[in-house]
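Only one structure is covered here, and it is reproduced in the block below.
The values are calculated or read from the model by the stated rules, or taken from the named source; none is laboratory data. All values reported here derive from a predicted model rather than from experimental measurement. Using ideal geometry, Cβ is built from the backbone for each residue, glycine included, and neighbour counts are taken over all protein chains shown. The protein model used for the area step is the full one, side chains on, heavy atoms only, and it has no ligands, DNA or RNA in it. Shrake-Rupley method; radii C 1.70, N 1.55, O 1.52, S 1.80 Å.
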Amino acid sequence: MTNLILFGPPGSGKGTQADKLKEKYDLLHISTGDLFRFNMKNDTPLGQKAKSYISKGELVPDSVTIDMLRSRVEETPDVQGYIFDGFPRNINQSEHLDKILEKRGSSVTGLLMLEVAEEEIVKRILNRGKTSGRADDNDEGIIRNRFKIYQEETTPVFDYYDKQGKSHKIDGQGSIEEVFERLCTVIDSLKK
Ligand code: C5P
Ligand code: MG
């Protein structure tokens, strides 16, 4: 299997790039943010639990997020690999991901971090907010809180996989096509 973690702050282009990468490498894209939004739209118990956290730009508790991710992996036994987008967001989630993949006799192939500066992030997300319909994309305070949580809780995930020799930094600024080419160059160099 090829299991990629697409990593980076909110608005760094993870979803956009995952859509292109899943076609090229024939992988299943799992976006935990999209799963939450689907559940909120359908007002499921999971969506109701997640809502208050997401509306403040905070992390949903691990117990909820990890179970949701695990179910999605367990219900797709035949795929060649995954692109994880928005997960793991902290060290505990990383340890669980490793165990979930280990049960499949597999592991994380590589983590790809899209680097984008905070001011560019705020600009991009406010722009996305005009059409995304997401309340958390339309308030600068919430956007900056999401960035702060990324720096405090999520960036240690980079170091966690770096210790395993799996983390890679990619310049996330430039055109969609330019960033895609940079990602492909790294992915093609990974040990699979
Ligand atoms: O990944 P994305 O930016 O779409 O996630 C939107 C929101 O969903 C996050 O700001 C956070 O509130 C919540 N989330 C989370 N834990 C994850 C993924 C998303 O709490 N692993
Ligand atoms: Mg996204």
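Here is the P(r) of segment 7-58: all C-alpha pair distances, binned every 10 Å from 0, give 23, 41, 30, 6 in whole percents. Across all directions, the average projected area of the convex hull around the alpha carbons of the chain is 10.1 nm². Accessible surface of segment 86-150, 1.4 Å probe: 49 percent of it comes from carbon and sulfur atoms.
Here the average projected area of the convex hull drawn through the C-alpha atoms of segment 23-124 stands at 7.8 nm². Using a ≥ b ≥ c from the Cα gyration tensor of segment 118-192 (square roots of the eigenvalues), is it rounded, prolate or oblate, where a/c under 1.5 gives rounded and otherwise the larger of a/b and b/c decides, a/b for prolate? Because a/c hits 1.5 or more and a/b fails to exceed b/c, segment 118-192 counts as oblate.
Computed from the C-beta positions of Glu23 and Ser106, the FRET efficiency with R₀ = 25 Å rounds to 0.70. Loop-located trypsin sites (Lys or Arg not before Pro) in segment 86-120 (DSSP state not H, G, I, E or B) with no more than 13 neighbouring Cβ atoms inside 10 Å: Lys103.
Each Lys and Arg Cβ is given +1 and each Asp and Glu Cβ -1; about its Cα centre, segment 107-189 then shows a dipole of about 200 debye. A 1.4 Å probe run over the protein chains yields, for segment 93-192, 54 Å² of accessible area per residue, whole-number rounding. Rounded to two decimals, the Cα radius of gyration of segment 78-164 over 2.2 N^0.38 Å is 1.29. Straight-line cross-link partners of Lys99 among the aspartates and glutamates, defined as a Cα under 13 Å from its Cα and at least 8 positions apart when in the same chain: Asp67, Glu74. Measuring against 20 Å, Cα to Cα, the residue pairs Lys24/Lys191; Lys20/Lys103; Lys163/Lys191; Lys14/Lys103 contain Lys20/Lys103; Lys14/Lys103 as the ones spanning a longer distance.
Derived value for segment 112-160: Kirkwood hydrodynamic radius 11.6 Å. Basis is the mean of 1/r over every pair of different alpha-carbon atoms.
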